[in-house]
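Engineer: Please read through the structure below; I'll follow up with questions.
The values are calculated or read from the model by the stated rules, or taken from the named source; none is laboratory data. Quantities reported herein were computed from a predicted structural model and do not represent experimental measurements. Virtual Cβ from ideal backbone geometry, glycine too; neighbours counted across all protein chains shown.
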Amino acid sequence: MNKKTLAVVTAILILCSLIFCGCEININLPENPSENSSEGSSENSSESESSQSGVVSPGKRPFNPEISEPIHENNEDPDSYESLINTLYYTESVFGEAFIGYIEGPMGTGYEEFFEERGYMEEYPFIAEIPYERYVETNGNEMYCIVPRDKNSSVSVNEWKSSPTGGSYGKILYKSDSGEPFIITCNEDGSNPNVKIVIVDSDGNVFEFSPYFNSQLGWLEVYETPQARSYDFTVYENSTDNDILVFEDLLGDWAGFYTTPEGDEVQFHFNFYRAAYGEPCVTFWYGEDYGVYKEYYEGYAYEQYDENGDFTGSLILELTLTQGTNSAEKGPILLMSTYEFRRAEWDKNWIVVSCTGGGNLLEEYGLGWFEMAQTMG
């Protein structure tokens with residue numbers, strides 16, 4: 001017996017003795033995917049095929065050891081979607097709504113290019129990931145995206161038939177037991193919305209509204225009641241950074257007016273100025289004429305910044321009611337509110353003022369936004 005044969009026999013004897021002694025042997029085999037491709041259960045084979053094609057079978061997910069968190073269950077981009085949800089909580093808004101734009105033809109595939117043109121692929125890319133079973137089509141070419149804040153909300157979209165007495169509900173077009181975002185096209189007649197959306201949150205609060213884009217003002221009419229409001233996350237097509245005004249842009253006196261349903265005219269004024277030491281000050285009053293105030297406020301205006309140090313486009317107004325016919329009953333009260341001041345699309349000498357949070361200065365008249373022009377002299 002030569003040395004080579006002796007070595008083989010010796011190795012076999014040692015291996016047998018180890019097995020009979022109950023010792024465990026770990027054998028590291030070289031990886032060779034091609035050798036294993038035809039082996040294994042049909043379940044593993046199905047999973048492998050699904051992973052390669054990019055389609056995950058129900059109840060399965062591609063394995064990635066670097067991912068410890070589950071895939072976003074709503075299939076939306078978690079960054080822009082969750083960021084918007086956080087904004088809704090921050091602004092105390094019950095849902096978000098955006099006017100995407102005017103579309104042509106029936107709804108279907110191929111809207112990514114439209115979203116790209118409107119700026120949503122950059123700002124809110126989750127919109128392009130909304131599946132088509134969450135698209136609602138009615139008569140009209142105005143496209144909106146609705147995002148409930150409460151993910152456990154129930155949602156229904158109903159036909160709405162306007163009438164001189166208010167209107168009536170028609171058939172249900174869409175219903176969901178979750179608060180996932182959805183897309184809707186509606187409003188064949190821009191001045192008469194033809195749908196009514198009902199959101200019921202997990203606490204049982206009911207919010208009914210009709211999405212409506214004011215084409216004359218170029219502005220989305222937000223939902224607003226004394227108890228709740230919506231958040232407008234529209235990416236305005238013609239907007240630039242210069243359209244949103246900072247405190248320095250507002251220095252001076254601004255005036256506007258509102259005619260009540262009874263025919264009475266109410267004037268309102270902002271005056272922005274810096275005090276002796278540079279403090280950003282503001283006064284606001286409204287009433288029938290100068291010197292006859294229903295309410296007169298004075299205080300400070302601060303530009304609002306997010307956690308990244310970026311300007312949000314809004315000013316925080318910290319105002320105290322000091323004069324007016326109602327001040328005796330209310331007493332000196334502090335009002336904190338958040339307003340956005342934007343140049344009007346139709347005339348750059350005018351601004352559109354929108355209340356986006358906190359106390360509304362013109363809550364008595366239900367004005368969530370109003371127009372103003374800078375006075376001369």
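Engineer: Take the residues of the stretch 115-159 that are in contact (Cβ under 8 Å) with a residue 60 or more places away in the chain and aliphatic (A, V, I, L, M): which is surrounded by the most Cβ atoms within 10 Å (Cβ to Cβ)?
Structural biologist: Per the criteria, the residue is Val147.
Engineer: Please find, within the stretch 190-237, the residue that is nearest to the chain's Cα centre (by Cα) out of those that are within 26 Å of Leu361 (Cβ to Cβ) and of a type in the set (D, E, K, R).
Structural biologist: Asp232
Engineer: Search the stretch 160-189 for residues being over 21 Å from Tyr111 (Cβ atoms) and within 24 Å of the chain's Cα centre (by Cα), and hand back the single one that is surrounded by the fewest Cβ atoms within 10 Å (Cβ to Cβ). Steps first, answer last, please.
Structural biologist: Residues of the stretch 160-189 over 21 Å from Tyr111 (Cβ atoms): 160-172, 175, 177-179, 189.
Retained after the next criterion (residues that are within 24 Å of the chain's Cα centre (by Cα)): 175, 177-179.
Values: Lys175: 11, Asp177: 9, Ser178: 14, Gly179: 23.
Here the residue is Asp177.
Engineer: Pick from Asp253, Asp243, Asp264: which is closer than 24 Å to Tyr90 by Cβ and of a type in the set (Asp, Glu)?
Structural biologist: Numbers: Asp253 fails: closer than 24 Å to Tyr90 by Cβ; Asp264 fails: closer than 24 Å to Tyr90 by Cβ.
Testing whether each residue is closer than 24 Å to Tyr90 by Cβ and of a type in the set (Asp, Glu) leaves just Asp243.
Engineer: Out of (1) in the same structural domain as Leu317 (by TED's automatic domain parsing); (2) at pLDDT 90 or above, the odd one out for Phe182 is which?
Structural biologist: In the conditions (1) in the same structural domain as Leu317 (by TED's automatic domain parsing); (2) at pLDDT 90 or above, Phe182 misses (1) alone.
Engineer: State all residues of the stretch 190-218 that are surrounded by fewer than 16 Cβ atoms within 10 Å (Cβ to Cβ), aliphatic (A, V, I, L, M) and under 29 Å from Arg342 (Cα atoms); if no residue qualifies, say none. Please lay out each step first, then the result.
Structural biologist: Taking the stretch 190-218 first, the residues surrounded by fewer than 16 Cβ atoms within 10 Å (Cβ to Cβ) are 190-192, 202-206, 208, 214-217.
From the residues that got through so far, the ones that are aliphatic (A, V, I, L, M) too are 206, 217.
Residue satisfying the conditions is Leu217 alone.
Engineer: In addition: So Glu237 ticks every box in (1) charged (D, E, K, R); (2) surrounded by fewer than 19 Cβ atoms within 10 Å (Cβ to Cβ); (3) modelled with pLDDT of 90 or more but one. Which box is left unticked?
Structural biologist: (3)
Engineer: Does at least one position in the stretch 242-250 carry a residue that is in a strand (DSSP E or B), more than 21 Å from Leu335 (Cα to Cα) and under 33 Å from the mean Cα position of the chain (by Cα)?
Structural biologist: Here is the first cut: in the stretch 242-250, the ones in a strand (DSSP E or B) are 244.
If we keep only those that are more than 21 Å from Leu335 (Cα to Cα) as well, we get 244.
Next cut, under 33 Å from the mean Cα position of the chain (by Cα) only: 244.
Yes: one or more hits.
Engineer: Which of the numbered conditions does Tyr135 fail, given that it passes all the others? Conditions: (1) modelled with pLDDT under 90; (2) at negative phi.
Structural biologist: (1)
Engineer: On to the next question. When only residues in the stretch 251-297 that are in a strand (DSSP E or B) and of a type in the set (A, V, I, L, M) count, which is surrounded by the most Cβ atoms within 10 Å (Cβ to Cβ)? Quick ask: steps written out before the conclusion?
Structural biologist: Keep residues of the stretch 251-297 that are in a strand (DSSP E or B), which gives 251-259, 265-274, 280-289, 292-297.
The next check asks that each one be of a type in the set (A, V, I, L, M); those that pass are 251, 255, 266, 282, 292.
Numbers: Leu251: 12, Ala255: 13, Val266: 17, Val282: 21, Val292: 11.
Among residues in the stretch 251-297 that are in a strand (DSSP E or B) and of a type in the set (A, V, I, L, M), the one surrounded by the most Cβ atoms within 10 Å (Cβ to Cβ) is Val282.
Engineer: Same structure again: Examine the stretch 161-177 for a residue that is part of a loop (DSSP other than H, G, I, E, B), in the same structural domain as Gln227 (by TED's automatic domain parsing) and within 25 Å of Asn86 (Cβ to Cβ), and state whether such a residue exists. Steps first, answer last, please.
Structural biologist: Within the stretch 161-177, the first condition is being part of a loop (DSSP other than H, G, I, E, B), and the residues that meet it are 162-167, 177.
Restricting the remaining residues to those that are in the same structural domain as Gln227 (by TED's automatic domain parsing) gives 162-167, 177.
Filter again for within 25 Å of Asn86 (Cβ to Cβ), leaving 177.
Checked the stretch 161-177: at least one residue is part of a loop (DSSP other than H, G, I, E, B), in the same structural domain as Gln227 (by TED's automatic domain parsing) and within 25 Å of Asn86 (Cβ to Cβ).
Engineer: For Gly140, are the conditions met, namely being outside the structural domain of Ser337 (by TED's automatic domain parsing), modelled with pLDDT under 90 and out of contact with any Gly (no Cβ under 9 Å at 6 or more places or on another chain)?
Structural biologist: Working: outside the structural domain of Ser337 (by TED's automatic domain parsing): yes; modelled with pLDDT under 90: yes; out of contact with any Gly (no Cβ under 9 Å at 6 or more places or on another chain): no.
In short, no.
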